[in-house]
Amino acid sequence: MTDTHPNGSPGAREAHGGGHGETSFLWKYVFSQDHKVIGIQYGITGLCFLFFGFTLMMLMRWQLAYPNQPLPWPWLAELLGNIRAPGGVLEAGFYNQLGAMHGTIMVFLGVVPIAVGAFGNYVVPLQIGAPDMAFPKLNMASYWVYFCGGVIMLASFFVPGGAASSGWTSYPPLSNIATQGQTWWLVGMVFLITSSLLGSVNFIVTIVQMRAPGLSMFRLPFFVWAQLVTAFLLLLAFPPLEAAGVLQLMDRVFGTSFFLPSGLVVNAIPYAQTTGYSGGGSALLWQHLFWFLAHPEVYVLILPAMGIVAEIVANNTRKPLWGYRLLVYAAIFLGFMSFIVWAHHMFMTGMGTVMSTFFQTTTMIISIPSVIILTCMILSLWGGSIRFSIPMLFALAFLPMFAIGGLTGLPLGLTLSDLHLHDTYYVIGHFHYVVAPGTIMALFAGIYYWYPKVTGRKMSGLLGHLHFWPTLILMNSIFMPMFFMGMAGLNRRMYDQTVYVHGRGVQPLSLMVSWSAWMLAVAQIPFIINFFKSWKAGEKVNDNPWEATTLEWAAPSPPPHGNFTTLPEVHRGPYEYSVPGQSGDFCPQHARPDSASEGTPSAPPVPAAH
């Protein structure tokens, strides 16, 4: 063991770990440069945003279940005010604000910051044996830029006209002529995108340059590979949307016409006549720039989730992941293909048959690496001595939920079926099966799994079961009916679906969805109690309570500044479970080959390529 960091810089431990000089509470816990504190900041903030975004959805579900009926609690109607809820009934414009902000908050302020900002920041440096991220100050800046973007988004609810109401996709020309809240939305998005760009550069440099001795690229845990591919997706896909956001901001503030077409008529009056806009822009240009980011964004959501599930499956089956290299190659190919499928969101825009055929083909191809990853996970279960721990239950639930989300996406990638299903509840069901029963179940799994590393204590198993089973059942009760509602032709953005005959026909399903959503909120109470109570009163555990093999479990729990008491050296791959000839059923990456309890190592030590 040595105290010289593998990047060759003596004293790198002091520069990135114990040398932060954080003495006061402000610099230790608020403006911290420690990747672990920043990861916790991302996690707590992201969970709060998830709760707020979920609350917006529950308000929407009242209107959809009981159209034009007053809210059941007078205090809530009073809180919203007479403009947003006249007579206690949600106003149609406010309903649109709830829809736009729900999608924005859940994706950009909730799931991605938790999956990448929280888990990535906390776990990646530990798993690669690094004392911290490569650029600690940049890491701190990334969180606070994200936090400012979130505050700007929430503040838009209180400006004249309310928050953005043009959908989470912000399509022009509607978004160009929307109320002031849309401008705040765009400014908030610029902050959020900047935060992601700062973080992605940091992750790439950290993983490439700061691995422990002996940790070659194909000895990295799959979670690290997933975060690396995700970082490249963020780095390459977000700049077009940031540019688009600035251009739309200029359209709204400075009178340009990047996305405003000629001949636009608003309320029977030519728009150029009242505003002086020149027109000549392309509304479809925004769609191209938005979806060029937003489809890779789907894999920004799902890849870290796959990485979390891979770690938990290997640990709880007590056997190596099936097809580790296949998993890595599939994740890389998935990242590459995600950049050439975006226009399957735009089949209704009138593109020619040649272009639509190209994007249909790439959409079918991108399903292959997803199936490979899912198949590897399922095959990893075969013959395993499975431990049905709480993290494992959530990880197992991820597999069929993600499969349903993926399979239901295939009809949307074909023009013939998409003509009928486009912009219906079927699309909501498909996307949410990927993100809610899929990604969010994986995030819960990760919280339960790494909680002992963060706090030194385990979360309650009883409360974990009370959280898992209702959540699994209710999530399916929410999103499965949406497929049938969509196939019945019900549009996804209806304020009152009962105005149409086919909408009235599926209204009982809408009622079921709403009640399931409200019960899902109640089902999260055991998790909230468990999360905070276990921080101080949970069962104390040792540094490696799951008997895992990866490097984060070599650090104390919770890890100090610098993470490791001595810099670890890696001698084998990440999933050496149940290796024949060993006395135990796991062999940590950092354990020396000559250790009495280890037996013969599966691979000799090799230096990491930096």
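The values are calculated or read from the model by the stated rules, or taken from the named source; none is laboratory data. Model, not experiment: these values are computed from the prediction. Using ideal geometry, Cβ is built from the backbone for each residue, glycine included, and neighbour counts are taken over all protein chains shown. These area figures cover heavy atoms from the full protein model, side chains too; ligands, DNA and RNA do not enter into them. Shrake-Rupley method; radii C 1.70, N 1.55, O 1.52, S 1.80 Å.
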- Message: Once each part is reduced to its C-alpha centroid, what is the distance from the stretch 296-337 to the stretch 541-593 in angstrom?
- Response: 20
- Task: Can you check what the Kirkwood hydrodynamic radius comes to for the stretch 267-320, Cα pairs only, in Å to one decimal?
- Result: 15.6
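Residue 386 to residue 27: extension gain in nm, 0.36 nm per residue of separation minus the Cα-Cα distance? Present the calculation step by step, with values, prior to reporting the outcome.
On the way: separation 359, 0.36 × 359 = 129.24 nm, distance 4.32 nm.
Stretched out fully, the residue 386 to residue 27 stretch lengthens by 124.9 nm.
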- Note on the structure: If one compares the long axis through the Cα atoms of helix 74-84 with the longest principal axis of the Cα atoms of the chain, the angle in degrees, nearest 10, works out at 60
- So how tilted is helix 390-409 from the main axis of the chain? Cα-based, degrees 0 to 90, rounded to 10. 40
- On Cα atoms only, tilt of 525-537 relative to the major axis of the chain in degrees: 30
- Specify, per residue and in Å³, the volume enclosed by the convex hull of the alpha carbon atoms belonging to the stretch 214-314. 119
- Note on the structure: Expressed in µm² per second, the diffusion coefficient of the stretch 388-539 from the Stokes-Einstein equation, with Rh the Kirkwood radius over alpha carbon pairs, at 20 °C and 1.002 mPa s, is 128
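Based on the Kirkwood radius over alpha-carbon pairs, what value in µm²/s does the Stokes-Einstein equation return for the translational diffusion coefficient of the chain at 20 °C and 1.002 mPa s? Don't jump to the answer; show the numbers that get you there.
Numbers: Rh = 25.3 Å.
The calculation lands on 85 µm²/s.
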- Sorted by packing (mean other beta-carbon atoms within 10 Å per residue), highest first, where do 107-114, 186-193 land? 107-114, 186-193
- Of the accessible area of the chain, computed with a 1.4 Å probe and all protein chains kept, carbon and sulfur make up a percent value of 71
- Task: Find the accessible area per residue for the stretch 272-381; the probe is 1.4 Å, ligands and nucleic acids are left out, and the unit is Å².
- Result: 36
- Would you mind putting 431-439, 50-58 in packing order, based on average other-beta-carbon counts within 10 Å, highest first? 431-439, 50-58
- Query: Over the stretch 322-381, what is the relative contact order in whole percent, taking alpha-carbon pairs under 8 Å and six or more residues apart?
  - Reply: 55
- Item | Coordinate range along principal axes, alpha carbons of the stretch 527-568, Å, largest first | 36, 23, 15
- Note on the structure: Inter-part gap, Cα centre of the stretch 435-504 to Cα centre of the stretch 148-172, in whole angstrom, is 25
- Task: Would you list which lysines come within 28 Å of residue 458, measuring only between C-alpha atoms, while excluding same-chain residues fewer than 8 positions from it?
- Result: 28, 36, 319, 533, 536, 540
- Item | Signed unit charges on C-beta, dipole axis of the chain, positive-most listed residue 195, 29, 66 | 66
- Message: Per residue, how much accessible surface does the stretch 22-114 expose to a 1.4 Å probe? Answer in Å², no decimals.
- Response: 41
- Query: Under the definition of Cα pairs under 8 Å and six or more residues apart, what whole-number percent is the relative contact order of the chain?
  - Reply: 16
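What number, in nm² with one decimal, is the all-direction average of the projected area of the convex hull of the alpha-carbon atoms of the stretch 52-170?
Working: hull surface 36.6 nm².
Mean projected area of the Cα convex hull: 9.1 nm².
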- Message: For the stretch 356-385 and the stretch 232-285, what is the centre-to-centre distance using only Cα atoms, to the nearest Å?
- Response: 38
- Item | Accessible surface, per residue, of the stretch 388-539 when the full set of protein chains is kept, probe 1.4 Å, Å² | 39
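Just the projected area, averaged over all directions, of the convex hull on the alpha carbon atoms of the stretch 344-383: how many nm²? Each step should come with its number before you reach the end.
On the way: hull surface 12.3 nm².
For the stretch 344-383, averaging the hull's shadow over all directions gives 3.1 nm².
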- Query: When the helix-only estimate is applied to the chain (DSSP H runs of n ≥ 4, each -39,500 (n - 2.57), divided by the residue count), what is the mean residue ellipticity at 222 nm, nearest 500 deg cm²/dmol?
  - Reply: -19000 deg cm²/dmol
